4 protein chains.
Amino acid sequence: MIRVGIVNVTGYTGAELMRILARHPEVKVTAATGRSDAGKRLRQVFPSLRDADRDIIPAIVEDCDVAFLALPAHASAEAAPPLLQTGAKIIDMSADFRLSDLAVYEQWYGTHPTPGLLPKAVYGLPELHRGEIMAGNIIGNPGCYPTASILSLAPALQAGIVKPRLIVDAKSGVSGAGRTLKLESHFSEVDENVTAYGLDGHRHQPEIAQELAIAWQRGGHSGAPSLTFVPHLIPMTRGILATAYADLDGSWTVEQVRDAYKTFYANEPFVRVVDTPPSTKHVWGSNYCFVYPLIDKRTDRLIVVSVIDNLVKGASGQAVQNLNLVCGLPETMGLETLPFYP
Amino acid sequence: MIRVGIVNVTGYTGAELMRILARHPEVKVTAATGRSDAGKRLRQVFPSLRDADRDIIPAIVEDCDVAFLALPAHASAEAAPPLLQTGAKIIDMSADFRLSDLAVYEQWYGTHPTPGLLPKAVYGLPELHRGEIMAGNIIGNPGCYPTASILSLAPALQAGIVKPRLIVDAKSGVSGAGRTLKLESHFSEVDENVTAYGLDGHRHQPEIAQELAIAWQRGGHSGAPSLTFVPHLIPMTRGILATAYADLDGSWTVEQVRDAYKTFYANEPFVRVVDTPPSTKHVWGSNYCFVYPLIDKRTDRLIVVSVIDNLVKGASGQAVQNLNLVCGLPETMGLETLPFYP
Amino acid sequence: MIRVGIVNVTGYTGAELMRILARHPEVKVTAATGRSDAGKRLRQVFPSLRDADRDIIPAIVEDCDVAFLALPAHASAEAAPPLLQTGAKIIDMSADFRLSDLAVYEQWYGTHPTPGLLPKAVYGLPELHRGEIMAGNIIGNPGCYPTASILSLAPALQAGIVKPRLIVDAKSGVSGAGRTLKLESHFSEVDENVTAYGLDGHRHQPEIAQELAIAWQRGGHSGAPSLTFVPHLIPMTRGILATAYADLDGSWTVEQVRDAYKTFYANEPFVRVVDTPPSTKHVWGSNYCFVYPLIDKRTDRLIVVSVIDNLVKGASGQAVQNLNLVCGLPETMGLETLPFYP
Amino acid sequence: MIRVGIVNVTGYTGAELMRILARHPEVKVTAATGRSDAGKRLRQVFPSLRDADRDIIPAIVEDCDVAFLALPAHASAEAAPPLLQTGAKIIDMSADFRLSDLAVYEQWYGTHPTPGLLPKAVYGLPELHRGEIMAGNIIGNPGCYPTASILSLAPALQAGIVKPRLIVDAKSGVSGAGRTLKLESHFSEVDENVTAYGLDGHRHQPEIAQELAIAWQRGGHSGAPSLTFVPHLIPMTRGILATAYADLDGSWTVEQVRDAYKTFYANEPFVRVVDTPPSTKHVWGSNYCFVYPLIDKRTDRLIVVSVIDNLVKGASGQAVQNLNLVCGLPETMGLETLPFYP
């Protein structure tokens, strides 16, 4: 059994990790830490996890093989070195190990606590970086918006289907904003309401741009695409739907485009190129990403609609997928649950 | 492998059965039928079930060991005899095999198509009828409101904690009303709204009354409790919360009451007597029922709050629990998923 | 024009007062205060009030004829004396002037800051206290649950229809919990969820009990009814539905009961005895209360379903109704808006 | 008093018309018709309209000054001629009188029943066509998506701020889909879900394109902009948020852009150029449109976010605004309600 620690189990991604890992056949969760809730039992914080109850401890003491860091930016990077020293591999849910360019990180997040670790980190999107993840010690688990956005456009960029001026208009449920109280997540403010936010620049923009540049360059192009990214908050708990727009480069039929997408994702266990417009509820509670590319013939534009569950494929499910890769387990282990509908 | 057929997979309980059974390690779904959707692929109706895709066929032809009937009342009873003749056991999701008294059935549902089968049917609530279920051929799988209501009051009635004048005020998500279109399930009518309904008598009332009478009589009492049952529709998809009220019979402390409940449910794999007020989301997507009894000291009343996911413990999960019992499998097999939160 | 001040316009009831009063033909809002938001413009806090924009000031300095206190308990009572000294009448949205028995107040809220004012205060439910309100200087505007609960049972108690053992099972939208951040109002915790709360005693219980005792005694009875009150939080913003239960005292037909209710509310501008089960959305955004009494013949119980918009008839609309009464204006002035549907 | 008829009061736009007109000081609703509900009282269909109760009649018999047609496409055009013959002016809520080019109409809606009336019809968006509306007899009241989309981009096109390749990504509540039952509006399908639809072409696309071409040409440009329009359904009842994207034409500062918008809407009673990102709930229940233009400096793109209540400014409120214009009344009469928040 692989011994796993969860640092900060008391947020939504921490709790979701515990939900999945408690039923993972090759994992034993040996430690789950909290900050203000340390000293409590897990079920006092999350009654839903009653049958995975345990003490919430202040810090990991026992050795573990893999540690998940479900901490805010900066706190994650600070927590990593001592765990690495014990030989643990790190799967980090924050942004601290996602951006390979230190200057970009510091523009969005301020000073990096452990810049020396950045070059060793791998961006944990298996569909783009499976080999590196399998060999990695520090996995920067992707953000929720980036997962949906990158998976929707990477095939088109790599295949040269579109010009490199991109727009992603994303719609997210509220759980992506976490469990910390804020007016933007207050029920009466969000319910029956939709809001565009991050209009002056959202922290997930550089992460999406970094990976789409990689896809673009893998297709033999130089430079990097430009990207407008506008997230919206909608009145639901889970789910992200990303609608991506880009001008076609040359003449493409929708069949050619779909073929390129199907080829790109041919061996992926969790990505499906679907043939009807997907809804977030089609993947609710699962690790799937459904992707639907089409062409707007009036304007010669590619439109791609993609959906994920932001807490599963957009966070904790993808982290377990990375755990499986890092540990040499079958990639889908513990993630077989089909989506819940309705 | 147990060969299972699902009759009418295209409703919400049918789809939920498929979701669970597709991952059940000892089950092979050999047939899934539909009515107006027969001839389609399952994923055309439920894209969420893409990875359990199959043809929706008009009728079961191949032999199966167990057939789930996810049909409306009357249609279920009519579908049962030919399947029973092939040797299949029946787990019926409708009301056709729940009420042991034919006269009561006919008062609420009209003429019974197969009254001769009624005496052979078992009420499929494992917490009250486990032994009979294990030996049964026709299981009348309980309704969603009855599951929550009976589990909340049976221990108190059997232990003689309360007088036999009961009120159950229940709150349900909308999926309990099914996939058939009706104004009462139209989004704009339900959203931001709460409604009391069934005020002239709801069909689940006699089912609850029947089983609470059994619990009352198992406690050595004669007669049957009276029951006011008022369901309410609230703007969410899944979940039932039942709030039950009854006057205490004699002097009871909350500790004594909780002890009686814990004793009653001591060996139950899916019922938990919790120590803080439960929410429906604590059990979302799981087969659990959380029960919380307390005493209103101002009025010497017992109040019991219970919660279930209406499509799992209130329908398809409980049906799979019954499948496991009927087939001699571990009772929790295929139902280990922890609740999703948030 | 009547000069009106709003103390603490930055909560939900304060904002709702401003929304109504900004269109009231006989009112001029001369001051609107805030605490942490003082110094801002109103539209910075509530963009919806852009066309009623003004400075949020730290305290009322100019004389006003009527001051609304939209403050928490204790803060209200402390704010009242200086305003009373200027000759202003007070309409208080907190609980500070609702409970006539000081001992009861202190049991639920602790020491009262200005107990000497209590005997001068009037409970601001026009349907029970219209005359006193018209002559009053300090109006304790009712709570949201009490408004729905009292209006549902007062006619039955006064007419002797029921025995004095009452249950009110209430369901409320989340805006009743206010704009202050708390985990219980965090979107992801409330959405797709229903919760029973206040099970150890909710602060609105004594308020309901006080007024139902008055109705009981007006009917010539002695003593006071006992009351079990259980509120539930449901995933919507506005609206309260109260389901009340009580055993009939003697033999009553539903027609007799409805006649008693219609007589009781014959001249009320905002209460309607309806003939089909009401939903909260039937009164959304309006000052109406719809009341629906019926008899459960199986158990000889009266059931009454009532609905209000908790921020209008349950708070700010009722406060404006009281303003109209206190100032000798037509009772419905500024409150003519019909409900929004859907 | 102006005598008004509402044809088909039993849909959501019909009911919303009645809600507004019942409180309009210069209007008397003399007739309200229904189809399957003719013969009922209005409150049987909409209990919220209890205090505007009346008979639902099968057809308008009495003369009226203005008739609102709240009918589906085709039925509207068929209902218009006899009403016009009585001298009534027509405000039509369907698409039948919105598209000035018959060929475009027939491409999207099939054969037009009364093509001869098209040249006499005026597109009822006061911000672009106030003068024509005041002189008109047949007003084609705009669709909900078009209202939000046109108001967001017309100023930029007329001022030459952007190049004529436009994207509008719109998010709508479900009431826009009407009261007719369909799976896409079934609560359990929509709740906790977001869906892109109309991807092969939505009927509102040509309407938006027509009006944006007018704005473009008023700015002295030739030709017409191309437009990608993608609507999304989100789990709420009322509200549309449109996010529009277009490349800047030349160098513009955000201040210049905002000045152009403020100039364009300087005298508009219902449009506000706001300085923080708007949410749909900022205008809930009101006739306002809030517009927020900004520049994405990374990509030299204009982004415009606009919000309306789809049933008010997007339908019935705008229709009353047109009534006021057609009848020479103050444009805001009956529409003064401030938005409801929360």
Answer yes or no: is there a residue in segment B:49-56 that is in contact with a strand residue (DSSP E or B) (Cβ under 9 Å, 6 or more places away or on another chain) and in contact (Cβ under 8 Å) with a residue 40 or more places away in the chain. yes
Failed item, numbered, when residue C:8 is tested on (1) polar (S, T, N, Q); (2) touching a helix residue (DSSP H, G or I) at 6+ places or on another chain (Cβ under 7 Å); (3) within 14 Å of chain D (Cβ to nearest Cβ): (3)
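Every residue, every condition in (1) in contact (Cβ under 8 Å) with a residue 24 or more places away in the chain; (2) within 11 Å of chain C (Cβ to nearest Cβ); (3) crowded, with 24+ Cβ neighbours inside 10 Å, yes or no:
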| site | (1), (2), (3) |
| --- | --- |
| B:283 | yes, yes, yes |
| B:298 | no, yes, no |
| B:303 | yes, yes, no |
| B:319 | yes, no, yes |
| B:326 | yes, no, no |
| B:334 | yes, no, no |
| B:337 | yes, no, no |
Can you find even one residue in segment D:258-280 that is surrounded by fewer than 24 Cβ atoms within 10 Å (Cβ to Cβ), within 14 Å of chain A (Cβ to nearest Cβ), hydrophobic (A, V, I, L, M, F, W, C) and in a helix (DSSP H, G or I)? no
Filter segment A:14-72 down to the residues that are over 27 Å from residue A:84 (Cβ atoms) and not in a helix (DSSP H, G or I) and list them by number. A:23, A:40, A:41, A:46, A:53
In segment B:133-179, how many residues are of a type in the set (S, T, N, Q), touching a strand residue (DSSP E or B) at 6+ places or on another chain (Cβ under 9 Å) and closer than 27 Å to residue B:79 by Cα? 3
Starting from segment B:85-104, take each residue that is more than 19 Å from residue B:144 (Cβ to Cβ) and list its partners that are small (Gly, Ala, Ser), counting only C-beta distances under 8 angstrom and pairs at least six apart or across chains. B:88/B:5; B:88/B:67; B:89/B:67; B:89/B:136; B:90/B:67; B:90/B:80; B:100/B:121
Looking at B:92, B:63, B:101 in this structure, which one is within 26 Å of residue A:341 (Cα to Cα) and not hydroxyl-bearing (Ser, Thr, Tyr)? B:92
Any residue at all in segment A:210-219 that is at positive phi and either of a type outside the set (A, V, I, L, M, F, W, C) or modelled with pLDDT under 95 (or both)? no
Note: among A:259, A:275, just one is acidic (Asp, Glu), over 19 Å from residue D:200 (Cβ atoms) and free of Cβ contacts under 8 Å to residues at least 40 places away in the same chain, namely A:259
Conditions (1) outside any helix (DSSP H, G or I); (2) within 14 Å of chain B (Cβ to nearest Cβ); (3) in contact (Cβ under 8 Å) with a residue 60 or more places away in the chain -> residue C:208 fails only (1)
Whichever residue in segment D:1-51 is modelled with pLDDT of 95 or more and among the polar types (S, T, N, Q) and, among such residues, is farthest from the chain's Cα centre (by Cα): D:44
Scan (1) surrounded by 14 or more Cβ atoms within 10 Å (Cβ to Cβ); (2) over 18 Å from residue D:327 (Cβ atoms) for the single condition residue D:84 breaks and write down its number. (2)
Out of everything in segment C:211-227 that is crowded, with 20+ Cβ neighbours inside 10 Å and not in a helix (DSSP H, G or I), what residue ends up being farthest from the other protein chains (Cβ to nearest Cβ)? C:225
Select from segment D:188-199 the residues that are of a type outside the set (Ser, Thr, Tyr) and either touching a Lys or Arg at 6+ places or on another chain (Cβ under 6 Å) or within 8 Å of chain A (Cβ to nearest Cβ) (or both) and write down the one among them that is farthest from residue C:235 (Cα to Cα). D:199
Return the total of residues in segment D:42-60 being farther than 17 Å from residue C:338 by Cα and of a type outside the set (A, V, I, L, M). 2
Filter segment B:294-323 down to the residues that are outside any loop (DSSP other than H, G, I, E, B) and more than 17 Å from residue B:271 (Cα to Cα) and list them by number. B:295, B:296, B:301, B:302, B:303, B:323
Within segment C:105-139, can you find the residues that are acidic (Asp, Glu) and free of Cβ contacts under 8 Å to residues at least 60 places away in the same chain? C:106, C:132
Where in segment C:94-175 are the helices (runs of 4 or more DSSP H), entirely inside, with at least 2 residues that are touching a Phe, Trp or Tyr at 6+ places or on another chain (Cβ under 6 Å)? C:144-158
Unique match (being at pLDDT 95 or above and more than 18 Å from residue C:244 (Cα to Cα)) among C:283, C:307, C:291: C:283
Return the total of residues in segment B:21-56 being touching an Asp or Glu at 6+ places or on another chain (Cβ under 7 Å), away from chain A (no Cβ under 14 Å) and of a type in the set (Val, Ile, Thr). 2
What's the number of the condition residue D:255 fails, among (1) surrounded by fewer than 19 Cβ atoms within 10 Å (Cβ to Cβ); (2) within 11 Å of chain A (Cβ to nearest Cβ); (3) not β-branched (Val, Ile, Thr)? (2)
Those residues of segment A:23-44 which are surrounded by fewer than 19 Cβ atoms within 10 Å (Cβ to Cβ) and in contact with a helix residue (DSSP H, G or I) (Cβ under 8 Å, 6 or more places away or on another chain), in sequence order: A:26, A:37
Checklist (1) surrounded by 24 or more Cβ atoms within 10 Å (Cβ to Cβ); (2) free of Cβ contacts under 8 Å to residues at least 24 places away in the same chain; (3) among the acidic types (Asp, Glu) applied to residue B:309, failing item: (2)
Kindly indicate which of C:254, C:190 is touching a Phe, Trp or Tyr at 6+ places or on another chain (Cβ under 7 Å) and either touching a residue at least 40 places away in the same chain (Cβ under 8 Å) or of a type in the set (D, E, K, R) (or both). C:190
Restricting the search to segment D:153-187, which residues are in contact (Cβ under 8 Å) with a residue 24 or more places away in the chain, surrounded by fewer than 18 Cβ atoms within 10 Å (Cβ to Cβ), farther than 27 Å from residue D:295 by Cα and within 14 Å of chain A (Cβ to nearest Cβ)? D:184
If I go through segment D:324-338 residue by residue, how many of them are in a loop (DSSP other than H, G, I, E, B) and out of contact with any Leu (no Cβ under 8 Å at 6 or more places or on another chain)? 7
Search result, residues across segment C:76-93 that are outside any loop (DSSP other than H, G, I, E, B) and not small (Gly, Ala, Ser): C:78, C:81, C:82, C:83, C:84, C:85, C:89, C:90, C:91, C:92
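The values are calculated or read from the model by the stated rules, or taken from the named source; none is laboratory data. All values derive from a computational prediction rather than experimental measurement. All Cβ positions, even for glycine, are placed from backbone atoms using ideal geometry, and neighbour counts span all protein chains on display.
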